[in-house]
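Comments concern the structure below.
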Amino acid sequence: MARATLEEVPSVPMPEGLVVRPIGLDEAARRQVWDASSEAFRDHRGEAETAEEDWAAFLADPRQDPALWLVGFDGDQVAGAVLGLIDPVENAHHGRERGVLASVFTRRPWRRRGLARALIARALVRLRDHGMTGAYLGVDGLNPNRAMTLYSSLGFEIVSQSIDWKKPLPPETGVKPPVPTS
Ligand SMILES: CC(C)(COP(=O)(O)OP(=O)(O)OC[C@H]1O[C@@H](n2cnc3c(N)ncnc32)[C@H](O)[C@@H]1OP(=O)(O)O)[C@@H](O)C(=O)NCCC(=O)NCCS
């Protein structure tokens, strides 16, 4: 889904008791956000368990810039976050200035209080402040928490679609695949 402009971003209040705090380059703070994301995404269809190699890859990704992250805290707990990202190579290739909402999550105890909505609105403004003129994100149309509804209500529109085909593997079903006959 894409938001064609970053104008007219609604002003959404943070849920009571939650605050946005900057993360900076402190590795422990970044790890806290990453761990919170791994936990929240267990509720996302087809999401693989994360491992230490994934953390290392995330840390080494030069596009990950905590200045574009909006992290909501409840005391010292990460309640949720929206990780904005700018890919200058991709933007140059397409001749555009489009930011990405690479990850949107709220941990279970803080859901349905408007946190994701409030953080997305702030993340769009942050991307605009960094020179972007539009935003993009990927979403599973079958998201059980109706993420598409949330994004639509914030001005995102479907720009392309793909279909995942799912097939159980033999060890999962215990059934051997049929032997092809000529
Ligand atoms: C999707 C997710 C980010 C929503 O976070 P949240 O903070 O609970 O969202 P909000 O409270 O801001 O909800 C905004 C709107 O989303 C929709 N929504 C959110 N959760 C919903 C649910 N369980 N059922 C139906 N609608 C839901 C509603 O339209 C809601 O507005 P409303 O409360 O006024 O009806 C959260 O459920 C999550 O982290 N899920 C796991 C990770 C994930 O799927 N991330 C999105 C990847 S694209």
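Whole-Hz Karplus ³J(HN,Hα) for the range 16-22, in order, using 6.51 cos²θ - 1.76 cosθ + 1.60 and θ = phi - 60°, x for Gly and Pro? Listing the rounded values in order: 4, x, 10, 9, 9, 10, x Hz.
Taking amide H positions as modeled 1.01 Å from N, with prolines and chain starts lacking one, the residues under 5 Å from S103 and 5 or more places away or on another chain are L83.
Solvent exposure of the chain amounts to 63 Å² per residue of accessible area, where only protein heavy atoms count and the probe is 1.4 Å. Positive contributions from Lys and Arg (+1) and negative ones from Asp and Glu (-1), summed over other residues with Cβ under 12 Å from the Cβ of I120, come out at +4.
Scan around R3 for amide H atoms under 5 Å from its own, H built in the peptide plane at 1.01 Å from N, and keep only partners 5 or more places away or cross-chain. Sorted by chain and number, the residues that satisfy this are A135, Y136, E157. Backbone geometry of the range 72-87 corresponds, through the Karplus equation with coefficients 6.51, -1.76 and 1.60 at θ = phi - 60°, to 3J(HN,Hα) couplings of x, 10, 10, x, 9, 8, 6, 8, x, 7, 10, 9, x, 8, 10, 10 Hz, x marking Gly and Pro. The amide H of V78, built 1.01 Å from its N in the peptide plane, has no neighbour under 5 Å, considering only residues 5 or more places off or on other chains.
Projecting the Cα positions of L154, A28, G138 onto the charge dipole of the chain (unit charges on Cβ atoms of Lys, Arg, Asp and Glu, taken about the Cα centre) puts L154 furthest along the positive direction.
Rounded, prolate or oblate: which fits the range 13-60 when a ≥ b ≥ c are the square roots of the eigenvalues of the alpha-carbon gyration tensor, with rounded for a/c under 1.5 and prolate only if a/b beats b/c? Oblate, because a/c is 1.5 or more while a/b does not exceed b/c.
Residue-wise HN-Hα couplings along the range 132-143, as the Karplus relation 6.51 cos²θ - 1.76 cosθ + 1.60 with θ = phi - 60° gives them from phi, are 7, 10, x, 9, 9, 8, x, 9, 7, x, 9, 3 Hz; Gly and Pro carry x.
The values are calculated or read from the model by the stated rules, or taken from the named source; none is laboratory data. Quantities reported herein were computed from a predicted structural model and do not represent experimental measurements. Backbone-built Cβ (ideal geometry, glycine too); neighbour counts: all protein chains shown. Please note that ligands, DNA and RNA were not included when accessible areas were found on the heavy atoms of the full protein model with its side chains. Shrake-Rupley method; radii C 1.70, N 1.55, O 1.52, S 1.80 Å.
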